[in-house]
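K.L.:
For reference, the structure I am asking about is given below.
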Amino acid sequence: MAMIALPHLLLTALLLPLVASLLALLLGHALGFKTGWLVAVIHLLQALLMVYIMAAVWAQGPLEEHYLWSAWPTVGLDLVADGLSTPTALVMALIGACLAFYSVRYIQYRIQELYGPEKGHYGRYYTIYYALYPLLPLGLVGIALSANLIMIWLFLELMLIPFYFIIAYFGYGERHRIALMCFLWGTAASTLFVAGAFVAYTHTGSFTLSSLPALAEADARSALLACSLMVFGLLIKMAAFGFHVWLPWVHSNTPTCIAGLFACYANIGAYVLARAVVLPLPGVFELLSPIIMVWALITMVYGAALTLAQDDVKRLCACSTISQVGYSLLGVASAAPAAVAGGIFYMLSHLLGKAVLFSTAGALVYELHERDIRRMGGLGKLVPYTATLWAMGAMILSAIPPLSGFAAEMLMFSAIFRSALTAPLKLAVAIGGVLATALTAAYTFWPLKRIFMGQPQANPGGAVREAPASMLVPLFILALASAALGICPRLVVELLMSSLRA
């Protein structure tokens, strides 16, 4: 089926959030909280445009756009929509759009909670939030579509700016210190990554991903150094075990309306690892593969144990991100094409599930003004839609059919086992990974019982009511997207495999 050719399609999809940011700067003070509706509609347009791009890739194959930025060194905005980048960018845009609608009431509640009942000065806070929020989906979509190491680094760095200010203005706990923690760890990660990019550039003369295979042919030692620097930078960003200490603090104290996007920021490291290291440098990465697989398994188990120990509902969701990122890392690190596809598919599934679960935790905070699970209980009858959303988020993360987690885990683990039959260490890691999946069910469904079943602990029944529809409906949309991918996984699997076979 022929698609209508639109000029600068990828660039438009990438930069559309800048329109939202500019309008928020101009109109935020006058519109107040209503600015959120305007920003959310623009993000919905971005998501719809990504749907069109995905249909075009299905029908016609990959799309490419190249915009020269600097002639010396040669750096450009190289955008590629193919089977790997398009599903990733679409899920990022969809989560960005849904959480933009979720933000409208949540950030209104948070501003009133932080800055008192006086309404006259709220306009500047709405302006700050809605001018910064669009930079997060822009950065995520930019990372997904970029075919250039410098642009990937630039978008990674770009996202640290809105994260810093949003956490500092609207976060929880010692929010200024936590914002600085986020910025410093993120900068350390991206600095290692760009150092690897420059090592590659010294031998290839280019920052494009397509030039990386020549690096292995030019100098094997430099290829290993570049690969190692980029890998360790991404491991810091993904909060793999040993580099995880910052994530529970930052992730649990972000405003909950952007917690789903912060999960995207951490998890997209698995996509970048596949795109910038595993696929262009398979022979070099093969040396690191067993180490990273073991590291991923340790991350899965440690993150799960850490999650089970939590009584703070937001910190529980934050710690679970450490465990969940280990699954995507395991699939990508195995380097088998189908396992890499499964790892990316699992990443997308996890991001949908985590956005639902974490935002449901935010709905609980909105409804109860409480984060301590020990003070909850018996809420299922009072907030049944919230309880349903938690159950759906738990099902996605626990890989229960027909939701997407099941199809992603099946693809990933079956491919890992096939590739590990002659490698005892990889086989042992694969077995350990399958056994670790039971821990996910434990740390998602055990809180379901504690929060929503049994007898109420300390909450007066008449004071508890459901969060507004503008917060709950977007989460049901994300859960339905997961169900669609679980029922018809070929929507994404065939696209992923088309790029991995190329």
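This table checks each residue for (1) within 25 Å of THR307 (Cα to Cα); (2) of a type in the set (Gly, Ala, Ser); (3) touching a His at 6+ places or on another chain (Cβ under 6 Å); (4) buried (at least 17 other Cβ atoms within 10 Å of the Cβ).
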{"residue": "ILE451", "(1), (2), (3), (4)": "yes, no, no, yes"}
{"residue": "LEU472", "(1), (2), (3), (4)": "yes, no, no, yes"}
{"residue": "PHE476", "(1), (2), (3), (4)": "yes, no, no, no"}
{"residue": "ARG490", "(1), (2), (3), (4)": "no, no, no, no"}
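K.L.:
Within region 244-273, can you find the residues that are outside any helix (DSSP H, G or I) and either more than 22 Å from the chain's Cα centre (by Cα) or in contact (Cβ under 8 Å) with a residue 40 or more places away in the chain (or both)?
P.N.:
HIS244, THR254, PRO255, listed by residue number.
K.L.:
Please pick out the residue among TYR327, TYR385 that is surrounded by fewer than 24 Cβ atoms within 10 Å (Cβ to Cβ) and either modelled with pLDDT of 95 or more or outside any helix (DSSP H, G or I) (or both).
P.N.:
Values: TYR327 fails: surrounded by fewer than 24 Cβ atoms within 10 Å (Cβ to Cβ).
Result of the check over TYR327, TYR385: TYR385.
K.L.:
Out of LEU261, LEU225, LEU234, I need the residue that is surrounded by fewer than 24 Cβ atoms within 10 Å (Cβ to Cβ) and at pLDDT 95 or above. Which one?
P.N.:
Testing whether each residue is surrounded by fewer than 24 Cβ atoms within 10 Å (Cβ to Cβ) and at pLDDT 95 or above leaves just LEU225.
K.L.:
Follow-up question, since we're still on this one. For region 92-143, give me each residue that is among the small types (Gly, Ala, Ser), modelled with pLDDT under 95 and either crowded, with 24+ Cβ neighbours inside 10 Å or part of a helix (DSSP H, G or I) (or both).
P.N.:
Within region 92-143, GLY123 is the sole residue that qualifies.
K.L.:
Out of curiosity, is LEU421 in a loop (DSSP other than H, G, I, E, B), surrounded by fewer than 21 Cβ atoms within 10 Å (Cβ to Cβ) and without any contact (Cβ under 8 Å) to a residue 40 or more places away in the chain?
P.N.:
Yes.
K.L.:
Sticking with this one: Checking the condition touching a residue at least 12 places away in the same chain (Cβ under 8 Å) and open to solvent by 10 Å² or more (accessible area, probe 1.4 Å), which residue from LEU10, LEU31 passes? Can you show your working first?
P.N.:
On the way: LEU10 fails: open to solvent by 10 Å² or more (accessible area, probe 1.4 Å).
Just a single option satisfies the conditions, and that option is LEU31.
K.L.:
With respect to ILE42, determine if the residue is at pLDDT 95 or above, under 21 Å from MET347 (Cβ atoms) and either in a helix (DSSP H, G or I) or touching a Cys at 6+ places or on another chain (Cβ under 8 Å) (or both).
P.N.:
No, not satisfied.
K.L.:
If you don't mind, another one. Select, from TYR67, TYR106, the only residue that is free of Cβ contacts under 8 Å to residues at least 60 places away in the same chain and aromatic (Phe, Trp, Tyr).
P.N.:
TYR67
K.L.:
Which residues, counting only those in region 478-488, are crowded, with 18+ Cβ neighbours inside 10 Å and of a type outside the set (Gly, Ala, Ser)?
P.N.:
LEU478, LEU485
K.L.:
Sticking with this structure for a sec: Can you confirm whether ALA335 is farther than 25 Å from LEU425 by Cβ and of a type in the set (Gly, Ala, Ser)?
P.N.:
Working: farther than 25 Å from LEU425 by Cβ: no; of a type in the set (Gly, Ala, Ser): yes.
When the stated conditions are applied, ALA335 does not pass them.
K.L.:
Could you list all residues from region 330-363 that are assigned to a helix (DSSP H, G or I), farther than 21 Å from ALA484 by Cα and in contact with a Phe, Trp or Tyr (Cβ under 7 Å, 6 or more places away or on another chain)?
P.N.:
GLY331, GLY362
K.L.:
I would also like to ask the following. Test ALA89 against the criterion of being within 20 Å of TYR271 (Cβ to Cβ) and either polar (S, T, N, Q) or touching a residue at least 40 places away in the same chain (Cβ under 8 Å) (or both), and give yes or no. Show your work before the answer.
P.N.:
Numbers: within 20 Å of TYR271 (Cβ to Cβ): yes; either polar (S, T, N, Q) or touching a residue at least 40 places away in the same chain (Cβ under 8 Å) (or both): yes.
Yes: the conditions hold for ALA89.
K.L.:
Determine if region 337-359 includes at least one residue that is open to solvent by 10 Å² or more (accessible area, probe 1.4 Å), touching a residue at least 12 places away in the same chain (Cβ under 8 Å) and closer than 29 Å to ALA423 by Cα.
P.N.:
Our first condition is that a residue be open to solvent by 10 Å² or more (accessible area, probe 1.4 Å); within region 337-359, this holds for 337-338.
After this cut, where a residue has to be touching a residue at least 12 places away in the same chain (Cβ under 8 Å) as well, the list is 337-338.
Now drop any that are not closer than 29 Å to ALA423 by Cα, which leaves 337-338.
Checked region 337-359: at least one residue is open to solvent by 10 Å² or more (accessible area, probe 1.4 Å), touching a residue at least 12 places away in the same chain (Cβ under 8 Å) and closer than 29 Å to ALA423 by Cα.
K.L.:
Select from region 144-178 the residues that are among the charged types (D, E, K, R) and either under 20 Å from the mean Cα position of the chain (by Cα) or farther than 13 Å from PRO255 by Cβ (or both) and write down the one among them that is least open to solvent (accessible area, probe 1.4 Å).
P.N.:
It comes out as GLU157.
The values are calculated or read from the model by the stated rules, or taken from the named source; none is laboratory data. Every value quoted in this text rests on a predicted model; they were computed, and no experiment measured them. Here the Cβ is made from the backbone with ideal geometry for all residues, glycine too, and neighbour counts use every protein chain on show. To get the accessible areas, we keep the full protein, side chains included, count just its heavy atoms, and leave off ligands, DNA and RNA. Shrake-Rupley method; radii C 1.70, N 1.55, O 1.52, S 1.80 Å.
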